[in-house]
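Reviewing the structure listed below.
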Amino acid sequence: MDWMLRDLATSVPQTRHIVVLSADGLCMAQHGTDGDTADRLAAACAGLQSLSGAIAAEFPHGSGQMRLVVIEVSGGFFYLMAAGAGAYLAVLADDGVDAGLMGQRMRDLVARIGEHLSSPPRVDEQIT
């Protein structure tokens with residue numbers, strides 16, 4: 001998956017960090033960042049996707065699932081996109097990023113590898 005994340009980073013100028021995470025905040029893949037930063041981003045994204053799911057549930061005709069969150073902060077943008085069952089793609093980009101291009105490239109990446117990004121729910125094994 002590394003080369004696909006690298007392709008996203010190189011195809012969209014101003015991309016800073018890319019993290020693929022599970023719904024419970026486990027970093028599954030990363031590009032452009034160190035392990036500690038990736039883990040912090042994954043944990044924060046898990047909370048954000050949970051919050052956005054609660055907001056999505058308020059729409060009467062929707063599925064109640066988050067598809068895309070974009071946050072603009074001083075210095076850049078944050079993108080969080082659903083990327084398969086229980087998996088999410090998160091990107092941090094600097095000011096000046098082409099927001100339309102980023103959204104398009106993220107959707108393309110999710111479409112190409114969506115089934116590989118799925119993270120099945122964890123189940124505690126029974127010891128017999």
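Please treat every number below as a calculation from the coordinates, not as lab data. Note that the structure is a prediction, hence the values are computed from the model and not measured. A quick note on method: Cβ atoms are made from the backbone with ideal geometry, for glycine too, and the neighbour counts reach across all protein chains shown.
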| Nearest-ten-degree value, helix 35-56 long axis tilted from longest Cα axis of the chain | 70 degrees
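Is segment 2-117 rounded, prolate or oblate when judged by the Cα gyration tensor, a ≥ b ≥ c being the square roots of its eigenvalues, rounded requiring a/c under 1.5 and prolate requiring a/b larger than b/c?
Details: a/c = 1.43, a/b = 1.34, b/c = 1.07.
Because its axes are fairly even, with a/c under 1.5, segment 2-117 counts as rounded.
Is there a quick way to get the dipole size of the chain? I mean about its Cα centre, with the Cβ of Lys and Arg at +1 and of Asp and Glu at -1; what is the value in debye to the nearest 20?
Working: 8 positive and 15 negative charges, 55 e Å.
Rounded to the nearest 20 debye, it is 260 debye.
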| task | Can you tell me the 0 to 90 degree angle between the C-alpha axis of helix 99-117 and the longest principal axis of the chain, rounded to 10? | result | 30 degrees
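Between residue 59 and residue 36, how high is the FRET efficiency from 1/(1 + (r/R0)^6) when r is the Cβ-Cβ distance and R₀ = 25 Å? Nearest 0.05.
Details: r = 36 Å, r/R0 = 1.44.
The computed FRET efficiency comes out at 0.10.
Find how much the distance from residue 71 to residue 3 grows on full extension, using 0.36 nm per residue of separation minus their present alpha carbon separation; answer in nm with one decimal. Could you put the intermediate results ahead of the total?
Numbers: separation 68, 0.36 × 68 = 24.48 nm, distance 2.59 nm.
Taking residue 71 through residue 3 to full extension adds about 21.9 nm, to one decimal.
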| said: Taking amide H atoms as placed 1.01 Å from N in the peptide plane, list the residues 5 or more away in sequence, or in a different chain, whose amide H sits under 5 Å from that of residue 76. | reply: 95
| Which of the peptides 57-66, 86-95, 102-111 is most tightly packed, and how do the rest follow, going by the mean number of other Cβ atoms within 10 Å of each residue? | 86-95, 102-111, 57-66
